[in-house]
1. Please list the equivalent ellipsoid semi-axes of the range 1-160, computed as the square roots of five times the alpha-carbon gyration tensor eigenvalues, in descending order and whole angstrom.
2. Which value, in debye to the nearest 20, describes the size of the charge dipole of the chain about its Cα centre when Lys and Arg Cβ atoms bear +1, Asp and Glu Cβ atoms bear -1, and nothing else is charged?
3. Could you tell me the convex hull volume per residue, in Å³, taken over the Cα atoms of the chain?
4. Any of Lys225/Lys289; Lys26/Lys139; Lys164/Lys218; Lys68/Lys145 with alpha carbons more than 24 Å apart? Name them for me.
5. Taking a cut-off of 17 Å between Cα atoms, list the aspartates and glutamates near Lys237, but don't count ones fewer than 8 places away on the same chain.
6. If you project the alpha carbons of the range 149-295 onto their three principal axes, what span does each projection cover, largest first, in Å?
7. Which of the GluC sites (Glu not before Pro) found in the range 59-147 are in a DSSP loop and have at most 12 neighbouring Cβ atoms, other than their own, within 10 Å?
8. Which longest uninterrupted range of the chain lacks any chymotrypsin sites (Phe, Trp or Tyr not before Pro) assigned by DSSP to a loop state (not H, G, I, E or B) and surrounded by at most 15 other Cβ atoms within 10 Å?
Amino acid sequence: MTPAVVEAGSLDALVGCLSEFEPSVKEAAAWALGYIAQHTPELAQSVVDAGAVPQLVLCLQEPELSLKRIAASTLSEIAKHSPELAQLVVDAGAVPYLAPLIQHPDGKLKRQVCSALSQIAKHSVDLADVLVEAEIFPKIFLCLKDADLVVRRNAATAVREIAKHTPELAQLIVNAGGHSALIQYISTARGAARLPGIMTLGYIAAFSETLASAVIVKQGVLPLKDALLTEQEDHVKAAAAWSLGQVGRHSPDHAKALAQSDVFRLLIDVFRSPESSPDLKTKAQRALKAVLQKTTYLTALEPLLRDAPQPILKYIVQQFAKVLPNNPAARKSFVQSRGLARIQELKLGEAGASAGYANGAAAEQHAKMQEYIATINSCYPQEIVQFYSPNYADTLIQKLDEQ
């Protein structure tokens, strides 16, 4: 029905109503234009072509609170569709009037303003830069503590849409204290409202070791871990798993921060759970792979040798094969923790299963596992390896029989 309304020539009349003296007429016209623009890029373009955007920017400057809200909402509906439409909103001078309104005392207005800013910023670096130049930082971080739950979520979404583009933008957010505000927001929010904050921390941490360290220093791992443990929705858990992977994947120190918070076990539990969605399992496995490959804190890995499922186990064994040859203290601890005995059990299991591997990926993975096990065993005298082998007692009895 909406295209029919447009084809009937309603847009010119509606845009004309935006110039009326009576505020209620302007409000009704702005609502109608927003409902038209929300559906498709083509309809939004029709609203723009009718000259609505400059009039909506003027409505932002009117004293009537409800008119400001509706004008911001309609600009958001226009900007969301494409970079071109968002650029037209920017070119009409909307941002200098939207940006100051994030400090307005009215919660409903701040909802619409934060939404409009996020719809502008999401499309490109250049559009995100426009918001930064409008000096929304650090003012928008105060919205993360707003009494209105929707304001908090929309503000987190706006920050996310800026942070995702470049390391420089992420660094600006960190420099302004945004990562600390986001961590506090995630710690208090629940459910889907947590999602934009979780994603923003992941985007920030993904760019560099320094930015990931900033998240760790402000205790950002703990609320991400809590989301992975306590949230009910799989898409929120998947986002938490992804963000944890981005935090921990840079270096042994980053990985150790996750290990000391017992994140590995939680990711493994999520991966193994029959209730987890395929996407959640994939995100958990990828996070484990990325972080485990940087982990040299073997104390955290030793318990996982017995608990980890096969797709994860290979990453753990690989790390022992990397670290043990160059770390005498770790080699001793590995024996005392029964880790070496577990390796011999794995060797026996791999040998027993080798006949079942067909050519292809499974056979290749089997060969790699055998290689890792051989590397670990080469770090120890043959007598010790034999002693911790599952069939060692049978071997001794056999020697007695041979005497």
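1. So the three semi-axes of the range 1-160 are 25, 17, 13 Å.
2. Here the chain has a charge dipole of around 1600 debye.
3. 164 Å³
4. Checking Cα-Cα distances, Lys26/Lys139 exceed 24 Å.
5. Here the aspartates and glutamates satisfying the reach criterion relative to Lys237 are Asp226, Asp262, Asp269, Glu275, Asp279.
6. For the range 149-295, the Cα spread along each principal axis is 39, 34, 23 Å.
7. Hits after loop and neighbour filter: Glu135.
8. 22-356
Each reported figure results from applying straightforward, stated rules to the coordinates on display, with no laboratory input. No experiment lies behind these values; they were computed from the predicted model shown. Cβ: placed from backbone, ideal geometry, glycine included. Neighbour counts: every protein chain shown.
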